[in-house]
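See below for the structure under consideration.
No value in this document is a laboratory result; all are computed from the given coordinates. Keep in mind it's a predicted model, so treat the numbers as computed, not measured. FYI the Cβ positions are ideal-geometry reconstructions off the backbone, even for glycines, and counts take in every protein chain you see.
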Amino acid sequence: MIQITLPDGSIKEFPKGVNAIDVAKSISEGLARNVISAKFNEKTIETSTTLTENGSLTLYTFNEPEGKKAFWHSSAHVLAQAITSFYPNVKLTIGPAIDNGFYYDVDLGDDTISEKDFNEIENKMLEFARGKFEFLMREVSKKDALDFYKNQNNQYKVELIENLTDGEITFCDHSDFTDLCRGGHIPNTSIIKAVKITSAAGAYWRGDEKNNQLTRIYGISFPKQKMLTEYLELLEEAKKRDHRKLGKELELFAFSAKVGQGLPLWLPKGAALRERLENFLKKAQKKAGYEMVITPHIGQKELYVTSGHYAKYGEDSFQPIKTPKEDEEFLLKPMNCPHHCEIYNNKPYSYKELPKRFAEFGTVYRYEQSGELHGLTRVRGFTQDDAHIFCTPDQLDTEFKAVIDLVLYVFKSLSFENFTAQVSLRSKEKSDKYIGSDENWEKAETAIINAAKEKGLDYVIEYGEAAFYGPKLDFMVKDALGRSWQLGTIQVDYNLPERFDLQYKGADNQLHRPVMIHRAPFGSMERFIAVLLEHTAGKFPLWLTPEQVIILPISEKYQIYAEKVLHLLENSEIRALVDERNEKTGRKIRDAEMNKIPFMLIVGEQEESEGTVSVRKQGEGDLGTFTIEKFISLIDNEINSTLEKF
RNA sequence: GCCGGUGUAGCUCAGGGGUAGAGCGUUUCCUUGGUAAGGAAGAGGUCAUGGGUUCAAUUCCCAUCAUUGGCUCCA
């Protein structure tokens, strides 16, 4: 007998050789039916794996992430089987489960797969799934494994196996299909009831663009048809929140092929929205001791040679601007920091004057790869809510934490609760990507990690995500489709102060090197507004929204009263407009609801005679009759309750 | 930049080798109304751009541009 500890702490005895399904059966038949994956002593196992020693066992159904992973990983095997049946010469590479589904990277040689083929792949997968094939793991010697794939001329699997240790190599068989596999499957293929191939895309072998490009086939599968339908509906819903669609509908921004790709045009409503966001941050920054500065959009090439940007990005960037004077070259600024360093260099500083905090809504231009451009989230010209703090090494910790507070304040004011704090460090390998000494890097990395810890941030560490001059603390927020975007960022930099020879005079009457913090709570106005649009589905907080109130006269007779109400609201700094169209009230209400204007004021005979307004709240309905003063204070209260002071 | 998809009216989209359609919006007229679409008539398109094939191209082919799903990249 062996003792199995279950997640609730209970210990049960079983004969040696039981498997996860047997254990599930001992709990309930229903659980046994739904168990699709298991973990034994923190190791993922097959549900059929025989257990021969004491240990703790966790059972997973499709409802748990671990269950989904096994389900989708197993589905990837079936996908590979289906692809192989259509393209016998295909070379399989890797096929993992991902957050939403799975993919398989394959080398199709001269063949191609397009959307037209998805349907028959899905049908084939379901046909195989119905065969109720078990996933059977078996150990294979390194030699046999290599021979198996050398026979198939599959250099990819050979490369994978060469990096594995003999004795730890396993194959998985189901039906007549075999794949190199580490394990973690569902009991059999018949549990896969619904399959959707979602897209096909190019992907480089091992993620390196110097390697062959493979075809990546994405799919998702479910144990119930209904779940697939719901998933597809969810995707449709997410599309409605797409900032590109909302930006067009709400007339916030636009692009023009003539102006150029990745260069957004801000329309009146969008520009006003952006201005309000800027003012919001300026106010908080003023309290936090920042000083606004303004710098030009271009700078001499030499400036970026000094900063190191030219060596790093020069080739792949907007090329230098020439002037009639020979050898004179300017670059569009890709960053504000070099300019701010020169502002610091404008005069000598005593340690008593530090920290200096220079802030600027600085527009920068970066030649992003054409395939990387995406709505407002990835553009070629954008405005950073940038600031650079120059401080003594002693002040670094306090300053860094103060910036974290500011970022958290900004996020809270805009209801971004689901962000991830990411400590972005150097990659452990490719060190030529970075400038500066190891010593400085270590100091900077330690400073960031300590500050994040002390502030109680729930952070993750990502290697290889640092900027080339220093590590970062990034605040990541997801868009409607679950893609992560970096918004706020704080970076510690010991390098640029050296490159620009920044100094201050210390208490010892000696010159010292200041430390620099780069920070942008929004990240960029463009990306921030994009993610904000997707989060709110266009229903911005009242203080931010372009039009707060729309006045709906019941007929043309009440137009004059409507104008009067409008002026009263405008006098109280409320953004309002009158719907003076020749339409019925029902129609005006519908349009205002669709346009997501937070408050509708219906005015007719009754309101005119009483000097009141009839208030309707978007998405909620009739609130009753208010005097204008009372309505104004309703608005003020709502704004004050969402927008705390910094 | 690479691998796919897409580009038709202001917007969303249908169509298809013989130079075009719907809904919404817009304009005009009727209607003057009370909490999610009142009625009628009209205007509006070099079918992204440039080549090619064809008696004939918006439709097929190629290129370019833009856009889009990924990959790579992201100061």
Exercise. Per residue, what volume in Å³ does the convex hull of the Cα atoms of chain A enclose?
Worked result: 239
Seminar exercise, completed: Note on segment A:352-450: alpha-carbon gyration tensor, axes a ≥ b ≥ c; rule is a/c under 1.5 for rounded, else prolate if a/b larger than b/c, else oblate; result oblate
For this session: Quick one: pull the percentage of alpha-carbon pairs in segment A:118-262 with a separation above 23 Å.
Result: 59
Exercise. Quick one: if the Förster radius is 30 Å, what FRET efficiency do A:Glu454 and A:Leu623 give, using the C-beta to C-beta distance and rounding to 0.05?
Worked result: 0.10
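If you take every residue apart from A:Leu568 with its C-beta less than 14 Å away from the C-beta of A:Leu568, what net charge results, scoring Lys and Arg +1 and Asp and Glu -1?
-4
What FRET efficiency, computed as 1/(1 + (r/R0)^6) with R0 = 30 Å and r the Cβ-Cβ distance, is obtained for A:Thr170 and A:Glu465, rounded to the nearest 0.05?
After rounding, the FRET efficiency stands at 0.40.
Mind running the shape call on segment A:599-646? Use the C-alpha gyration tensor, a ≥ b ≥ c as the square roots of the eigenvalues: rounded below 1.5 for a/c, prolate if a/b tops b/c, oblate otherwise. Walk me through the numbers on the way to the answer.
On the way: a/c = 4.16, a/b = 1.92, b/c = 2.16.
Cα axes put segment A:599-646 in the oblate bin.
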Seminar exercise, completed: So A:Lys478 and A:Ile560, fully extended at 0.36 nm per residue minus their Cα-Cα distance, gain in nm 24.9 nm
For this session: Obtain the nm distance between the two label points defined at A:Glu580 and A:Lys258 by a simple spin-label model: each point lies 7 Å from its Cα along the Cα-to-C-beta direction.
Result: 3.1
Problem set entry | 11 Å beta-carbon shell around A:Gly55, net charge (K/R +1, D/E -1) | 0
Exercise. Between A:Asp8 and A:Asn346, what is the spin-label point distance in nm, taking each point 7 Å from the Cα along the Cα→C-beta axis?
Worked result: 7.0
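Report the calculated FRET efficiency for A:Lys143 and A:Asp438 (r = Cβ-Cβ distance, R0 = 51 Å), to the nearest 0.05. Spell out each step's value before the answer.
Working: r = 42 Å, r/R0 = 0.83.
Between A:Lys143 and A:Asp438 the formula returns 0.75.
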Exercise. Reported to two decimal places, what Rg/Rh ratio describes segment A:2-61 when computed on Cα atoms with Rh from the Kirkwood expression?
Worked result: 0.90
Problem set entry | Charge dipole (segment A:549-642, unit charges on Cβ, about Cα centre) - positive-most of A:Gln606, A:Leu566, A:Gly619 | A:Gly619
Exercise. In straight Cα distance, which aspartates and glutamates are under 12 Å from A:Lys282, not counting same-chain residues fewer than 8 positions off?
Worked result: A:Glu291, A:Glu360, A:Asp385, A:Asp386
For this session: Return, in residue-number order, each cysteine of chain A whose C-beta is not under 4.7 Å from any other cysteine's C-beta.
Result: A:Cys337, A:Cys341, A:Cys391
Seminar exercise, completed: Note: A:Ser114 to A:Asn640 extended length (0.36 nm per residue) minus current alpha-carbon separation gives 184.0 nm
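Taking the Cβ of A:Asp474 as the center, what net charge do the other residues with Cβ under 10 Å away carry, scoring Lys and Arg +1 and Asp and Glu -1? Walk me through the numbers on the way to the answer.
Working: positive: A:Lys472; negative: A:Glu462, A:Glu465.
The answer is -1.
Need one number: convex hull volume per residue for segment A:423-582, Cα atoms only, in Å³.
On the way: hull volume 33.6 nm³, N = 160.
Taking only Cα atoms, segment A:423-582 has a hull volume of 210 Å³ per residue.
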For this session: Please name which of A:Ile4, A:Ala480, A:Thr306 has its Cα lying farthest along the dipole of chain A towards the positive end, using unit charges on Cβ (Lys, Arg +1; Asp, Glu -1) and the Cα centre as origin.
Result: A:Ala480
Exercise. Which aspartates and glutamates have a Cα less than 14 Å from the Cα of A:Lys617, not counting those fewer than 8 places away in the same chain?
Worked result: A:Glu547, A:Asp591, A:Glu593, A:Glu638
Exercise. What is the extension gain from A:Glu291 to A:Thr398, computed as 0.36 nm multiplied by their sequence separation minus the C-alpha to C-alpha distance, in nm to one decimal?
Worked result: 36.7 nm
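Find, to one decimal place in angstroms, the Kirkwood hydrodynamic radius of segment A:439-478, where the mean of 1/r is taken over every pair of different Cα atoms and then inverted. Mind dumping the intermediate values first?
On the way: mean 1/r = 0.0914 Å⁻¹.
Computed over Cα pairs of segment A:439-478, the Kirkwood hydrodynamic radius comes out at 10.9 Å.
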